[in-house]
Amino acid sequence: MNSFKVQYTIDGEDFSVAGEASRKLKKVLQSLGVDPQIIRKATVAMYEGEINMVIHADGGVIDAEITPEKIHLFLRDKGPGIPDIALAMTEGFSTASDNVRELGFGAGMGLPNMEKYTDYMNIITEIGVGTTIEMIVNTSLS
Amino acid sequence: MDKIIHSVTLDTDKCKGCTNCIKMCPTQAIRVRKNKAKIIKELCIDCGECIRVCPYHAKKAVTDSFDMINNYKYKIALPAPAFYGQFDKATKIESILHALIKAGFDDVFEVAYAAQLITKRTKELIASGELETPIINSACPAVVNLISTKYPSLLNNVIPLISPMNLAAIMARKIAEEKTPYKGGEIGIFFITPCAAKATCTKYPLGLPESVIDGAFSFKDMYLKVVPHLNDKECEQDLSKAGFKGVCWANCGGEVVSLELDNYIAVDGIHNVIHVLEEIENDKLSDVEYVEALACTGGCVGGPLAVENNFVAQTRVKKMAKTARGNGEAPEFDMDLVWQTPIKIRKQRNLDDDMFVAMEKLAKIDEIYDRLPKLDCGSCGSPSCRALAEDIVRGYSKESDCIIKFKEKIALFANEMLDGSDNVE
Ligand SMILES: Nc1ncnc2c1ncn2[C@@H]1O[C@H](COP(=O)(O)OP(=O)(O)OP(=O)(O)O)[C@@H](O)[C@H]1O
Ligand code: SF4
Ligand code: SF4
Ligand SMILES: [Mg+2]
C-alpha cells in the first residue's frame with residue numbers, strides 16, 4: 001500500500017453533522033502518525049470546505065488521499081458554482097443568508113483560510129454545474 | 001519515552017466488569033478485559049469521570065494517607081478554595097482554617113491567596129500579547145492533559161504559568177523557613193485536593209522540574225477530620241488572607257471574574273471542554289480572548305473527590321468569597337512563575353511508526369468495522385464498534401469478543417447441526 005484513500009459523503013441537508021468528515025479525517029491522520037500541526041492545517045482547510053459544501057452547495061463528496069509526503073483533498077459538489085473566484089477569495093466576502101449567519105457562519109473567512117492553511121489550492125467551478133476544490137498539505141514540517 | 005503518570009486507578013476486587021465506565025471516558029482510555037476494567041495509561045487524562053460513574057466505586061484516585069503528616073515536625077495544609085464550600089456547618093473561611101489546625105496541622109496557607117498572584121501575572125502575560133489566542137487557562141491539569149493528548153496543536157495557547165497550588169507550596173515553605181526554626185525535610189506541605197488530576201500534580205507538577213509538595217489528601221478524607229472542629233464563633237486568630245479574587249477560583253468562571261475580562265468563554269465539564277477545544281482547533285474562536293476551561297461541572301467544587309453537591313458548594317463559596325477577609329490584592333513574592341519545563345506533547349497513539357504499515361492497519365480496521373454490527377453496545381469491553389475494530393488490529397481483542405458476532409456464529413453452528421440431523425432422517 002503506498003497511499004491511503006478515503007471518501008466522505010457530505011450531506012447537504014443536515015447542519016448538525018457538518019464537520020463530521022473533517023473530524024474523521026483528523027482521526028485517520030492521527031492513527032497514521034502525521035504531525036499534529038500538519039493535522040490541524042489539513043483538518044481546518046477541510047472543515048471550511050466541508051461547511052461550504054453544506055451551506056452553499058447542497059453537499060457533495062470529499063476524497064482524501066494520504067501519502068507520507070502529502071495530504072491530497074478533492075472536494076466536489078454539484079452546487080450553483082462560484083461566479084467570481086477572486087471575489088469569493090476576498091476576506092469578508094460572503095453570500096450567506098441571515099439564517100446561516102445566525103448559526104455562526106458567513107464571516108467570509110472560509111476560502112481565505114483554506115488557502116492560508118494549504119500548500120496548494122485550485123478551484124474549478126462552473127455556474128449551474130458545480131465546484132471542485134483541490135487542496136494539498138505537505139506533511140514535511142519545513 | 002516519558003513516563004505517563006496518572007492517579008486514577010482500579011480496585012480490581014470491586015470491579016464487576018459492567019462496562020459503565022468505558023463509554024463515559026472522554027479519551028476512550030478504558031477497556032474491559034476478562035471481566036475487569038483496564039486503563040490505557042497513555043490515554044488517561046486523570047479527569048475522574050470514571051470515578052463518578054462507577055456504580056461499584058471501583059475507580060479511585062490515589063491520594064496519601066493522613067498519617068504521613070507525623071513524619072514531619074512542621075505541617076502545613078494547603079486547602080484548595082473549593083474546600084471551603086464543602087461544609088454546611090461553616091459559613092466563614094476562618095473556621096475551616098482553624099479546624100484544619102485542630103485536625104493536626106501547624107499552619108495553613110490558602111491556595112486562593114497564591115491564586116491572586118497568578119491572576120496578576122496572567123494579566124501581565126495577556127497584555128504582553130505573546131500568547132496565541134484564544135488563551136487557554138492552565139489551572140486544571142486534566143484539561144492540560146487533554147490538550148497534550150488530543151489537541152497538541154493548542155499547547156501554544158495555554159498559559160505557561162505554574163499552578164496556584166504549587167505557588168502556594170513554594171510560598172508556604174519560604175515563610176515557614178523564615179518564621180520557624182524548622183528547615184527542609186522537617187517541614188511537610190500537604191495539599192487538600194478535589195481531584196485526581198491535582199493529586200498527580202503534587203507529585204509531578206506541570207512546568208516544574210520536581211515536586212514541591214509532600215502529600216495530597218482528598219476532600220473526602222479531610223472532611224471527616226475537619227467537621228468535628230468547625231466552630232463559626234470561636235476563631236479569633238487571623239489565619240485567612242485570601243480575598244474575593246482568590247476564593248472565587250473555586251467556581252467555573254471565577255478566574256475570568258478575577259481577571260476582569262470581557263471577551264471570554266468559561267466552560268466546565270470535560271465533554272463541553274472537548275467541544276470548545278475542537279472549535280478552537282477549527283479556528284472558530286479566534287475572536288475570543290480567553291478560555292477558562294475546567295474538567296468538572298461547576299469547576300473544582302465539582303471535583304470527583306468533593307463531598308458536597310457541587311451546586312450547593314458553588315453558592316456557598318460565592319457567599320464566602322464576598323465576605324472573605326483579604327482585599328484580593330496579589331501577595332508580594334519575588335519569583336518567576338513561568339514554566340521552567342515545557343509541557344510535552346504526549347506521544348500520539350499511531351497504529352505503527354512506519355506509515356505504510358499504519359495504512360495497511362487502518363484499511364484492516366475499516367474492513368473489520370464493516371463486519372461489526374455498529375450498535376456500539378460496549379459488551380465486548382471496547383467503547384464502540386470502531387474502537388473494537390482498532391483493538392483487534394492492535395492485537396488486544398478478537399472478533400469473537402463481539403457478542404452479536406458470537407451469537408451469529410452459534411446460530412450458524414446450530415443450523416448446521418439441524419441440517420445434519422435432517423439428512424439422517
Ligand atoms: N462550494 C461552493 N459552492 C458555491 N459557492 C461557494 C462555495 N464555497 C464558497 N462559495 C461562495 O464563496 C463565498 C465565500 O466563501 P467563504 O467560505 O470564504 O465564506 P462563507 O462561507 O460565506 O463564510 P465563512 O466560511 O466565514 O463561514 C461564499 O459566501 C459563497 O458565495
Ligand atoms: S480518569 Fe478520565 S481519562 Fe482516565 S480513565 Fe477515567 S474517565 Fe478516562
Ligand atoms: S476542574 Fe478542578 S477539580 Fe476538576 S479536574 Fe480540573 S482541577 Fe481538578
Ligand atoms: Mg465558508
In the set A:Ile55, A:Ile85, A:Ile62, A:Ile10, which member is more than 11 Å from chain B (Cβ to nearest Cβ), surrounded by fewer than 20 Cβ atoms within 10 Å (Cβ to Cβ) and closer than 15 Å to A:Gly130 by Cα? A:Ile85
Which one is nearest to ligand 4 (Cβ to nearest atom) among residues in segment B:137-157 that are over 20 Å from B:Arg121 (Cβ atoms) and small (Gly, Ala, Ser)? B:Ser153
Selection over segment A:97-142 where residues are among the hydroxyl-bearing types (Ser, Thr, Tyr), within 14 Å of chain B (Cβ to nearest Cβ) and either buried (at least 17 other Cβ atoms within 10 Å of the Cβ) or within 10 Å of ligand 1 (Cβ to nearest atom) (or both) yields a count of 3
Would you check if B:Ile175 is assigned to a strand (DSSP E or B) and at pLDDT 95 or above? no
Residue within segment B:297-312 that is of a type outside the set (Phe, Trp, Tyr) and surrounded by fewer than 17 Cβ atoms within 10 Å (Cβ to Cβ) present: yes
Of (1) within 12 Å of chain B (Cβ to nearest Cβ); (2) among the charged types (D, E, K, R); (3) closer than 20 Å to B:Ala363 by Cα, A:Arg40 fails just (3)
Looking at segment B:335-363, which of the residues that are of a type in the set (Val, Ile, Thr) and either in contact with a Pro (Cβ under 9 Å, 6 or more places away or on another chain) or assigned to a loop (DSSP other than H, G, I, E, B) (or both) is farthest from the other protein chains (Cβ to nearest Cβ)? B:Val338
Whether any residue in segment A:67-76 is surrounded by 17 or more Cβ atoms within 10 Å (Cβ to Cβ), more than 16 Å from ligand 3 (Cβ to nearest atom) and farther than 29 Å from B:Ala363 by Cα is what I want to check. no
Verdict on B:Ser218 being over 29 Å from B:Pro342 (Cβ atoms), touching a residue at least 24 places away in the same chain (Cβ under 8 Å), surrounded by 19 or more Cβ atoms within 10 Å (Cβ to Cβ) and not assigned by TED's automatic domain parsing to the domain that holds B:Leu10: yes
Given the structure, is B:Ile280 of a type in the set (Val, Ile, Thr), touching a strand residue (DSSP E or B) at 6+ places or on another chain (Cβ under 6 Å) and within 14 Å of chain A (Cβ to nearest Cβ)? no
Count of segment B:59-71 residues which are among the hydrophobic types (A, V, I, L, M, F, W, C) and modelled with pLDDT under 95: 2
Please determine, by comparing only the residues of segment A:25-37 that are in a helix (DSSP H, G or I) and at the interface with chain B (Cβ under 10 Å from one of its Cβ atoms), which one is farthest from ligand 2 (Cβ to nearest atom). A:Gln37
How many residues are in contact (Cβ under 8 Å) with a residue 24 or more places away in the chain, more than 9 Å from ligand 2 (Cβ to nearest atom) and not charged (D, E, K, R) when one looks only at segment B:23-41? 1
So B:Thr297 passes all but one of these: (1) away from chain A (no Cβ under 14 Å); (2) outside any loop (DSSP other than H, G, I, E, B); (3) within 25 Å of B:Met24 (Cβ to Cβ). Which condition number does it fail? (2)
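The values are calculated or read from the model by the stated rules, or taken from the named source; none is laboratory data. What you see is a predicted model; the values in this text were computed from it and never measured. A quick note on method: Cβ atoms are made from the backbone with ideal geometry, for glycine too, and the neighbour counts reach across all protein chains shown.
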